[in-house]
C-alpha cells in the first residue's frame, strides 16, 4: 500500500491501493484504483474507474468521473457530476448542482441546487431548487443482472421548488410544482402551483393552494 503524507499536494494519481494520512490536502486527485482516507480535503476528486473509502468528513470542491465512493461521515462539496455509486452514512451538502448516473444514497439528508438522478435515490430527506429522478434503464446493466439502478427511489421528505420524479416512494412532498410518473407514490403532497401525475402514480392526501391534480396524457 502507498501512503501519502500530510501536507499540500498538487496532483495525485492513484494507480494502486493508496491511503491518505490525515492532513493531506490536494488540488486534484485522480482515482484509478482503491483510495482509503480518514478524511478528504481537496479541490477536485476525479474517479477513473476507481473506488474511494473515507471514514470521516469529506470536503471536495468538485466530484466527477465514474466509480464508487463510500463516506462514513458528511460530504461537503460545490458540485457533483459522476457515474456510479455515491454512498454516504451522513449528509450530503452541495452548494451547486448534483448529477448522478447510478445510485445516490445518504442515510441523513441531501441538499443541492438542481439535483438530477438517472438511477435511484435513497435518503431520509432531500431539498433543493429542483429534483429530477429517472430510473436508469440499460440493456448492458440488465444483461449482467445489474438492476439496482432501475429500482424504486425512496425519501421520507422531499422539499423542492420543482419536482419531476419517476418511481419514487415519498411520505411528505413539499413543492411549488410536481410531476409524478412511473408508479410514484406520495402519502402527503403540499403543492402551491400545480401537481400532475400519470395513471400509475398516486397521492393519498393533497394540500396547499393547489387543490386538484392534473392527469398526464399517455405518450
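The values are calculated or read from the model by the stated rules, or taken from the named source; none is laboratory data. Not measured: the values here are computed from a predicted model. So basically every Cβ, Gly included, is an ideal-geometry build from the backbone, and we count neighbours across all protein chains shown.
Tabulated results
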read-out	value
Residues located in region 127-149, provided they are more than 16 Å from residue 179 (Cβ to Cβ) and at pLDDT 95 or above	127
Residue match in region 107-117 (condition: at pLDDT 95 or above, surrounded by fewer than 18 Cβ atoms within 10 Å (Cβ to Cβ) and farther than 30 Å from residue 171 by Cβ)	no
Among the candidates 158, 186, 190, residue that is within 24 Å of residue 86 (Cβ to Cβ) and modelled with pLDDT of 95 or more	158
